[in-house]
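The values are calculated or read from the model by the stated rules, or taken from the named source; none is laboratory data. If you're wondering where the values come from, they're calculated on a predicted model, not measured in any experiment. Cβ sites come from the backbone with ideal geometry, for glycine too, and all protein chains shown count toward neighbours. Accessible surface areas use protein heavy atoms only, side chains included; no ligands, DNA or RNA. Shrake-Rupley method; radii C 1.70, N 1.55, O 1.52, S 1.80 Å.
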Amino acid sequence: MIDPFGRHITYLRVSVTDRCDFRCVYCMAEDMTFLPKAEVLSLEELERLCSAFIRRGVRKLRLTGGEPLVRKNVMSLIRGLGRHLDGGTLDELTLTTNGSQLAKYAKELAAVGVRRLHVSMDTLDKDKFRQLTRWGDLDQVMRGLDAAQQAGLHIKINAVALRGVNDMEFDGLIRWTNGRGMDLTLIEVMPMGEIGAEARLDQYLPLSLARTNIAKHFTLTETDYRTGGPARYFRVEETGGRLGFITPLTHNFCESCNRVRLTCTGTLYMCLGQEDAADLRTPLRASEGNDLVNAAIDAAILRKPKGHDFVIDRRARRPAVSRHMSVTGG
């Protein structure tokens, strides 16, 4: 699959559910209204769609949510997709998770071929963690991380950078993650969803500034390490670990974008920062064959834009994209 700008689309992120056991302040409203079950694809339909993308050239697949591991029987989907790893048609199957369910599922994830996990965790402070996630328990996440590492899974911690909230913790997060053999990636807060828009603007922290502050205490050496996503990685010489930066606002990564995102309703977003989307559920359910689905995928890829429109707009005081992050998936 090649988009109008010559980029090969080899990476699919799939939101298997819009539901989550946390209510992170930058991702969800506290009183979220979730999708009716009738609108959500079955696990069999999700596997069929993912397989169609794999046959058309996707080599890396990441399952997201909401929280993917709260979906009932989700391991049946993950086992099914793991067969593509066995067959050599898929290079990597990963998950983005809040870590709450890892103590239960880590061994099984490793057994079906998952090798890496992206765990969203913005602070090591228990009280602040509960405040940011509203419902989360840091001790439960820590037990999940222990189980995942014992199962041999490599962990990358993703932390959203929030001015005045966790920016004073970055040095500690670097030492903690690298000390446990985990990578850390800092992410600029994205202007998505009508969730405390004014607070979101006030909490926006350019990662160029964060990197300057971090470099006062650590030696950062740029590397060519890539995982297929948008992060730019540096080696932290003092720890020997890696620190990544995802900067959709201060330095966008659109020129090398190889990703599209599929929601649990079968809606395909060609860009996280654009509203244009393609309906794949209708052609999927219209025929047991894949001709209609393949045609819809091809048409959608030809509409992939050159880049996103993310901007922190202090005058309009509104998000660049109105849908919540949990709708599209991480």
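Structural remarks
- Anisotropy class of the stretch 84-206 from Cα gyration tensor, a/c 1.5 cut: prolate
- A 1.4 Å probe run over the protein chains yields, for the chain, 42 Å² of accessible area per residue, whole-number rounding.
- Computed over the chain, the alpha-carbon pair-distance distribution with 10 angstrom bins reads 6, 26, 36, 25, 6, 0, each value a whole percent.
- DSSP assigns beta bridges within the chain; of those with both partners inside it, close to 30 percent run antiparallel.
- Rounded to the nearest 20, the Cβ-based charge dipole of the chain about its Cα centre (Lys and Arg +1, Asp and Glu -1) stands at 340 debye.
- If the chain linking R163 and E238 were pulled fully straight, counting 0.36 nm for each residue of separation and taking away their Cα-Cα distance, it would gain 24.5 nm.
- For a straight C-alpha distance cut-off of 24 angstrom, the lysines reachable from K72 (same-chain residues fewer than eight places away being disregarded) are K37, K60, K104, K107.
- Taking only protein heavy atoms and a 1.4 Å probe, the accessible area of the stretch 249-299 is 47% carbon and sulfur.
- Long-range HN-HN contacts of A277 with modeled amide H, under 5 Å: none
- Using a 4.7 Å Cβ-Cβ cutoff, the cysteines of the chain lacking any partner cysteine are C20, C50, C254, C257, C264, C271.
- Total formal charge among the other residues, if their Cβ is under 10 angstrom from that of K156, Lys/Arg +1 and Asp/Glu -1: +1
- Listed values for the stretch 108-123 are Karplus-derived 3J(HN,Hα) couplings in whole Hz (6.51 cos²θ - 1.76 cosθ + 1.60, θ = phi - 60°), namely 5, 4, 5, 5, 8, x, 6, 10, 10, 10, 10, 10, 7, 7, 9, 7, and x replaces Gly and Pro.
- Close amide H pairs (under 5 Å, H built 1.01 Å from N) link V14 with R62, L63, T64, L262, residues at least 5 positions away or on another chain.
- Across the stretch 60-73, computed HN-Hα scalar couplings (Karplus, 6.51 cos²θ - 1.76 cosθ + 1.60, θ = phi - 60°) run 10, 10, 10, 8, 9, x, x, 10, x, 7, 8, 6, 4, 6 Hz from first to last residue, x flagging Gly and Pro.
- Eligible lysines near K128 by straight Cα distance, threshold 24 Å, same-chain separation 8 or greater: K156
- Sorted peptide list for 23-36, 279-292, criterion being average Cβ within 10 angstrom, highest first: 23-36, 279-292
- Looking at the stretch 41-97, the trypsin sites (Lys or Arg not before Pro) that sit in a DSSP loop and have at most 14 other Cβ atoms within 10 Å of their own Cβ are K72.
- Using θ = phi - 60° in the Karplus curve 6.51 cos²θ - 1.76 cosθ + 1.60, the 3J(HN,Hα) couplings for the stretch 135-151 round to 10, x, 10, 4, 4, 5, 5, 4, 5, x, 5, 4, 5, 5, 5, 5, 7 Hz; x is entered for Gly and Pro.
- Database remark: amide H of L162 closer than 5 angstrom to the amide H of D167 (H placed geometrically; neighbours at sequence offset of 5 or more, or on other chains; Pro and chain starts carry no H).
- The alpha carbon centroids of the stretch 24-99 and the stretch 256-311 are separated by 15 Å.
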